[in-house]
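Reviewing the structure listed below.
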Amino acid sequence: MLARDRFPHAVLLAGAHGIGKYTLSLMLARAMNCLQPFKTDDLPDYCGVCSNCLRIAEALDLETRCAEAIEAREAMRDTDKRETRIFVQTHPDVLVVPPDPPQMMIKVDQVRYVINTIHYKPEKGRRRVFIFTDSAFIKEAANALLKILEEPPDYATIFLLARNPGDLLATIRSRCVQFRFTPLPVEEVDKDLAKHRPEWNANQRKLVARLSGGAVGMARSLDLAEYMQSRGDALALLNSATQTGDHSMLFQTTEAYRTGADGKEKTDRLLRALYSLLEDLLAVISGMPELVRNADIAADLKSLAMMVDFQWIMQATQQLGQIQSGMRRNVLRSLSLDAFALSLER
Ligand SMILES: [Zn+2]
């Protein structure tokens, strides 16, 4: 589409976290704005070294850029703080719009800013690019976005990135050209990891490749030591829940999640580990052990699976969902973890 100069004004990139939506949108932004464009296999490519490519690439580390923007806002006076929305802009023609904390939604002022600036002509490049990195829009924001999508200027491209496109209004989706990312096969992720995480051995690569669900960005950035710690705790929690009696081990485990600045992240990791173990248990009791992701602890999973049934796994999954929504409302984490494990007793 770029080669034919027919690139759509609104593109919806859909797929799992870490699958490459943001990476691809910034690659396209560079191909659109590179100062020394050339062709690879007869298709538009970018040099990666001109000032436009370099500046756009600075936005690649989205997490760090967002943290910087949030920190800058925190340092403001209260009145300014309220009026300042979070953006990432490392190049004048490429604006990244992430969800705005603490609600982590895209807000109406963020969309209004796009409306107010989208008609400026490109300053340093050929196309202006707007990237909304999340599909969680406040209702008014979604309605405002709809207005831009109705009549975007010729030189603008809007990317909407969504894990689940169903989160977006149907009227928004219908105005976008939609692309869905399919997960990479485990072997491909494994191969990529051999290059990008050479410190991992074959077994570690295999585990991470399986855990990533085919999302290579997720695989590359996984902190394996952290995952092992969370998974160990998750396993202890499930074991304690299925083997009634002594709960001292359980309370010892959840105690570690009680306080501290990293408490929420730590609990998030624990919940993710719990989900992945429950999925594996489901695979085991369904007689499909080849689907197990945590294959390195197959023996533990097998003995745990003997203690539970389908009903129990469903119940546990539902309870995890409740803990997550409780966390959003700031309900005490460790208490809900205790309650979670106790409620699953057989
Ligand atoms: Zn370039």
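Give 207, 168 a once-over and let me know the one that is within 20 Å of the chain's Cα centre (by Cα), over 18 Å from residue 276 (Cβ atoms) and not aromatic (Phe, Trp, Tyr). Result: 168 is the single residue among 207, 168 that is within 20 Å of the chain's Cα centre (by Cα), over 18 Å from residue 276 (Cβ atoms) and not aromatic (Phe, Trp, Tyr).
For residue 3, the criteria (1) in contact with a strand residue (DSSP E or B) (Cβ under 6 Å, 6 or more places away or on another chain); (2) open to solvent by 50 Å² or more (accessible area, probe 1.4 Å); (3) within 16 Å of the ligand (Cβ to nearest atom); (4) at pLDDT below 95 hold in every case but one, which is (3).
Residues that are basic (Lys, Arg), assigned to a loop (DSSP other than H, G, I, E, B) and buried (at least 20 other Cβ atoms within 10 Å of the Cβ) within segment 6-24 are absent altogether.
Can you pull out every residue in segment 253-298 that is of a type in the set (D, E, K, R), closer than 22 Å to residue 186 by Cβ, open to solvent by 50 Å² or more (accessible area, probe 1.4 Å) and free of Cβ contacts under 8 Å to residues at least 24 places away in the same chain? Within segment 253-298, 279, 290 qualify. Kindly check whether there is at least one residue in segment 69-76 that is in contact (Cβ under 8 Å) with a residue 12 or more places away in the chain, within 10 Å of the ligand (Cβ to nearest atom) and surrounded by fewer than 17 Cβ atoms within 10 Å (Cβ to Cβ). No; the residues of segment 69-76 include none that is in contact (Cβ under 8 Å) with a residue 12 or more places away in the chain, within 10 Å of the ligand (Cβ to nearest atom) and surrounded by fewer than 17 Cβ atoms within 10 Å (Cβ to Cβ). One residue stands out among those in segment 41-52 that are open to solvent by 60 Å² or more (accessible area, probe 1.4 Å) and outside any helix (DSSP H, G or I): the one that is farthest from residue 217 (Cα to Cα), which is 42.
Scanning segment 299-316 for residues that are within 19 Å of residue 233 (Cβ to Cβ) and loosely packed, with under 14 Cβ neighbours inside 10 Å yields 299, 303.
Looking across 166, 125, one residue alone is outside any strand (DSSP E or B) and in contact (Cβ under 8 Å) with a residue 24 or more places away in the chain. It is 125. Quick test for you: out of 112, 55, 30, pick the one residue that is open to solvent by 90 Å² or more (accessible area, probe 1.4 Å), within 11 Å of the ligand (Cβ to nearest atom), assigned to a helix (DSSP H, G or I) and within 24 Å of residue 161 (Cα to Cα). Criteria check complete, one pass: 55.
Filtering segment 136-162 to residues that are open to solvent by less than 10 Å² (accessible area, probe 1.4 Å), touching a Pro at 6+ places or on another chain (Cβ under 8 Å) and not in a strand (DSSP E or B) leaves nothing.
The values are calculated or read from the model by the stated rules, or taken from the named source; none is laboratory data. As the structure is a prediction and not an experimental result, all values here were calculated from the model. All Cβ positions, glycine included, derive from the backbone under ideal geometry; neighbour counts span all protein chains shown. Just the protein is used for accessible areas: all its heavy atoms, side chains included, with ligands, DNA and RNA removed. Shrake-Rupley method; radii C 1.70, N 1.55, O 1.52, S 1.80 Å.
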